[in-house]
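Below is one structure; the comments refer to it alone.
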Amino acid sequence: MSLLSDISEQMQKGKSKIVKELVQQAIDEGMDAKEILEEGLLTGMNIIGEKFQNNEIFVPEVLIAARAMAAGAELLKPLLQSGEAEAHGKVCIGTIKGDLHDIGKNLVKMMMEGKGLEVIDLGADVAPERFIETAIKENCNIIAMSALLTTTMNNMGTVIKQADEAGIRDKVLIMVGGAAVTQTFCDKIGADKYTTDASSAAAAAVEYCQKAV
Ligand code: B1M
């Protein structure tokens, strides 16, 4: 079995310590950090998602797999962030109210910081008013929201409504993403930018800040 599939396997079993060792081995062997993330850790997490959906595994197993994923991703952080800082700008980021999933949001944050942006992490289960208060107080250029649950993703629309009411709608770029979100949903709620993955979210944020800041 290849090292990347070993990483995926062990991550699915929730073996954080082994995942860390394998990720370190892959780094030491000169593998690309993005490849380790996408073909090792994220491949494993997709399989976890399928098994969860088919009731083959349950929340506790998903939770320990998620911890193993985070442990592996932490080692990749400095590598994913290395390179020229491209931009200046401030982003407040969070997973929307009602939603506790934070792995993807953390990846987006990591990639944005790697490109030189200042990121205020509001965490998960973030109320719409917190996004707005933070954007005003901190003078953010971007509000970035993540959603994994179809049941609570509509709370993103409330953030946009409140941004309008607070008079900041034309001053901030509102970015949305996460497994539940699509371009159609982005258009429906009137968000400015939908991207499918963390790298393209960071690239879009940089592109905007280079023009705006
Ligand atoms: Co939950 N969960 N979960 N879960 N979970 C999903 C999302 C689900 C699809 C699983 C399934 O049924 N197949 C399903 C949602 C169904 C739906 O709404 N349609 C689900 C469910 C039902 C639930 C619970 C309700 C289960 C229960 O309690 N019965 C519960 C909800 C709790 C809550 O939030 N209130 C729950 C709980 C959990 C755990 C706590 C156990 C754990 C989360 C741990 C954590 O995050 N710290 C968990 C996990 C791990 C998952 C799956 C398996 C994996 C999610 C993940 O981290 N993926 C997930 C299945 C799946 O998505 N296939 C599932 C990896 C991550 C990197 O992907 O976040 O999509 P993602 O990020 C991607 C892109 O989307 C993008 O970048 C990343 C890639 O580079 N991206 C952005 C993300 N944010 C972005 C923002 C951007 C741009 C791009 O711009 C701002």
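Below, the figures for the structure above:
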quantity: Proximal lysines to K51, defined as alpha-carbon separation beneath 19 angstrom and excluding residues fewer than eight positions away on the same chain; calculated: K13, K15
quantity: Most to least packed among 28-35, 188-195, 85-92 [average Cβ atoms within 10 Å]; calculated: 85-92, 188-195, 28-35
quantity: Cα shape, the range 1-98, gyration tensor, a/c 1.5 rule; calculated: oblate
quantity: Å² per residue, accessible surface of the chain at 1.4 Å; calculated: 50
quantity: Cβ charges +1 (Lys, Arg) and -1 (Asp, Glu), total dipole of the range 90-212, debye; calculated: 140
quantity: Burial order of peptide ranges 3-10, 103-110 (average beta-carbon count within 10 Å, highest first); calculated: 103-110, 3-10
quantity: Length-normalised contact order for the chain - Cα pairs under 8 Å, 6+ apart - percent; calculated: 18
quantity: Length-normalised contact order of the range 2-80 in % [C-alpha pairs under 8 Å, at least 6 apart]; calculated: 46
quantity: Mean-position separation - Cα centroids, the range 4-24 and the range 38-74, in angstrom; calculated: 11
quantity: Dipole magnitude of the chain, debye to nearest 20 (Cβ charges: Lys/Arg +1, Asp/Glu -1, about Cα centre); calculated: 500
quantity: Cα centre as origin, Lys/Arg/Asp/Glu Cβ charges: the range 2-80 dipole, Debye; calculated: 360
quantity: Signed unit charges on C-beta, dipole axis of the chain, positive-most listed residue T152, A212, A179; calculated: T152
quantity: Cα lying deepest toward the dipole's positive end in the chain, options G83, F131, S5, charges on Cβ; calculated: F131
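The values are calculated or read from the model by the stated rules, or taken from the named source; none is laboratory data. For clarity, every value in this text was computed on a predicted model and none was experimentally measured. Every residue, glycine as well, gets a Cβ built from its backbone with ideal geometry; the counts of neighbours run over all protein chains shown. Side chains included, ligands, DNA and RNA excluded: accessible areas come from the protein's heavy atoms. Shrake-Rupley method; radii C 1.70, N 1.55, O 1.52, S 1.80 Å.
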